[in-house]
Amino acid sequence: MVSRARLVTLATLLPWLLVGLPDPVAAEVCVADDAGREVCLDAPARRIVALSPGVTELLYAAGAGERVVGAVSFSDYPAEAARLPRVGSYDRLDLEALLALEPDLVVAWAGGNPREQVDRLPGLGLPVFLSDVNDFAGIARSLERFGALAGSVVVAQEAAREFREEVAALRGQHAEAAPVPVFYQVWEQPLMTVNGEHWISQALALCGGENLFADEAPLVPRIGVEAVLARDPEAILTGGMGEPDSTWLEAWRDYPEMTAVRRDNLFFIDPDLVQRATPRLLEGTRALCARLETARERR
């Protein structure tokens with residue numbers, strides 16, 4: 001007969017055995033990061049420092065929030081993250097503050113943190129996972145990897161599954177939608193947008209939107225007003241400076257001949273919902289889809 005203690009142990013380990021991952025208590029964990037490097041820990045991390053607001057959100061969504069002990073400025077979601085000790089900003093780390101938190105894992109933003117500072121961390125005895133999420137698939141993969149590293153595999157696997165299913169549902173819902181030529185404004189001075197590889201462009205595509213600057217080479221290209229006028233978007237979307245700030249949108253009314261202005265298709269989008277590659281991008285994508293549906297109705 002199997003003892004009660006043995007049954008409890010088996011019940012605890014069963015989710016890990018089902019997904020082929022190690023014992024969350026004692027076993028070594030090895031996960032490939034977004035730079036293709038294998039990151040190995042003797043056991044799941046208990047003290048994690050996140051070096052971007054997006055990484056912080058992903059860790060919480062993966063069920064690792066209780067193990068996050070530090071973050072950079074503007075890490076404000078979920079609400080608990082706003083109370084975390086700060087280790088500088090994403091583009092200038094406070095290494096002294098970081099080391100004082102005694103992390104056993106640092107999750108860095110490969111595309112944004114200062115590389116010279118991040119490269120010093122392994123020499124100081126800190127394991128570093130390089131995160132570089134660029135699309136919907138990457139969000140789901142990050143949830144799974146962070147869950148493995150933090151010992152929250154069951155929560156992370158479920159979050160990734162739900163995310164993938166909702167993305168597929170959105171894609172199916174708008175598969176037959178009439179295309180809407182779109183200009184998405186990231187910044188005003190200098191005027192900036194996104195190319196076709198950016199997750200915002202991918203979100204627009206899920207809604208039947210056509211990014212008019214998808215063919216630009218930089219991920220976030222600088223453009224001129226003349227280029228926007230020449231491509232004549234049917235809709236313009238922007239998050240402005242945050243909050244429902246219409247300043248950037250109102251500036252386009254100086255060009256009444258443009259289709260987006262003529263049809264009043266100037267739409268605000270909460271930047272926190274679309275400018276971070278996290279599960280909240282789904283909420284932002286739904287908002288984008290609703291704006292583009294309004295543009296179709298105004299034809």
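The values are calculated or read from the model by the stated rules, or taken from the named source; none is laboratory data. Given the structure is predicted, the values throughout are model-derived calculations rather than measurements. Note that we place each Cβ from the backbone using ideal geometry, even for glycine, and neighbour counts take in every protein chain shown. These area figures cover heavy atoms from the full protein model, side chains too; ligands, DNA and RNA do not enter into them. Shrake-Rupley method; radii C 1.70, N 1.55, O 1.52, S 1.80 Å.
Being buried (at least 18 other Cβ atoms within 10 Å of the Cβ) and closer than 17 Å to residue 31 by Cβ is a condition met by no residue of the range 81-93. Whenever a residue of the range 86-114 is over 25 Å from residue 40 (Cβ atoms), its partners that are open to solvent by less than 20 Å² (accessible area, probe 1.4 Å) and in a strand (DSSP E or B), lying with C-beta atoms within less than 8 angstrom and at least six residues away or across chains, give the pairs 86/70; 86/71; 97/70. Pairs are defined by a Cβ separation below 7 Å, a sequence spacing of at least 6 or placement on different chains, a first member in the range 229-240 that is part of a helix (DSSP H, G or I), and a second member that is open to solvent by 20 Å² or more (accessible area, probe 1.4 Å) and not hydroxyl-bearing (Ser, Thr, Tyr); the pairs so defined are 231/212. Would you confirm whether any residue within the range 96-106 is modelled with pLDDT under 95 and open to solvent by 60 Å² or more (accessible area, probe 1.4 Å)? No.
If only residues of the range 206-228 that are more than 27 Å from residue 169 (Cβ to Cβ) and assigned to a helix (DSSP H, G or I) are counted, the one that is nearest to the chain's Cα centre (by Cα) is 228. Only one residue in 278, 238, 247, 294 is of a type in the set (Ser, Thr, Tyr), open to solvent by less than 10 Å² (accessible area, probe 1.4 Å) and more than 27 Å from residue 143 (Cβ to Cβ). Which one? Answer to the selection: 238.
Looking only at residues of the range 268-299 that are polar (S, T, N, Q) and assigned to a helix (DSSP H, G or I), we find that the one that is farthest from residue 173 (Cα to Cα) is 294.
Yes/no per residue for (1) out of contact with any strand residue (DSSP E or B) (no Cβ under 7 Å at 6 or more places or on another chain); (2) closer than 30 Å to residue 231 by Cβ; (3) polar (S, T, N, Q):
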position	(1), (2), (3)
140	yes, no, no
146	yes, no, no
150	no, no, no
156	yes, no, no
166	yes, no, no
171	yes, yes, no
185	no, yes, yes
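On the stretch given as the range 180-210, residues that are free of Cβ contacts under 8 Å to residues at least 40 places away in the same chain, over 20 Å from residue 133 (Cα atoms) and in contact with a helix residue (DSSP H, G or I) (Cβ under 9 Å, 6 or more places away or on another chain) total 3. It is to be established whether one or more residues within the range 150-161 are open to solvent by less than 10 Å² (accessible area, probe 1.4 Å) and more than 30 Å from residue 47 (Cα to Cα). No, because not a single residue in the range 150-161 is open to solvent by less than 10 Å² (accessible area, probe 1.4 Å) and more than 30 Å from residue 47 (Cα to Cα).
Looking at the range 107-140 only, could you name the residues that are open to solvent by 30 Å² or more (accessible area, probe 1.4 Å), part of a loop (DSSP other than H, G, I, E, B) and under 29 Å from residue 161 (Cβ atoms)?
Matches in the range 107-140: 110, 111, 127, 132, 134, 135.
Considering every residue within the range 52-67, establish whether at least one is of a type in the set (A, V, I, L, M, F, W, C), open to solvent by 20 Å² or more (accessible area, probe 1.4 Å) and modelled with pLDDT of 95 or more. Yes, because at least one residue in the range 52-67 is of a type in the set (A, V, I, L, M, F, W, C), open to solvent by 20 Å² or more (accessible area, probe 1.4 Å) and modelled with pLDDT of 95 or more.
Flag set for residue 257, criterion: over 16 Å from residue 189 (Cα atoms) and either free of Cβ contacts under 8 Å to residues at least 12 places away in the same chain or in contact with a helix residue (DSSP H, G or I) (Cβ under 9 Å, 6 or more places away or on another chain) (or both). Going by the conditions given, is residue 279 modelled with pLDDT under 95 and under 29 Å from residue 56 (Cβ atoms)? In short, no.
Looking across the range 68-80 at every residue that is among the hydroxyl-bearing types (Ser, Thr, Tyr) and open to solvent by less than 60 Å² (accessible area, probe 1.4 Å), the one that is nearest to residue 57 (Cα to Cα) is identified as 75.
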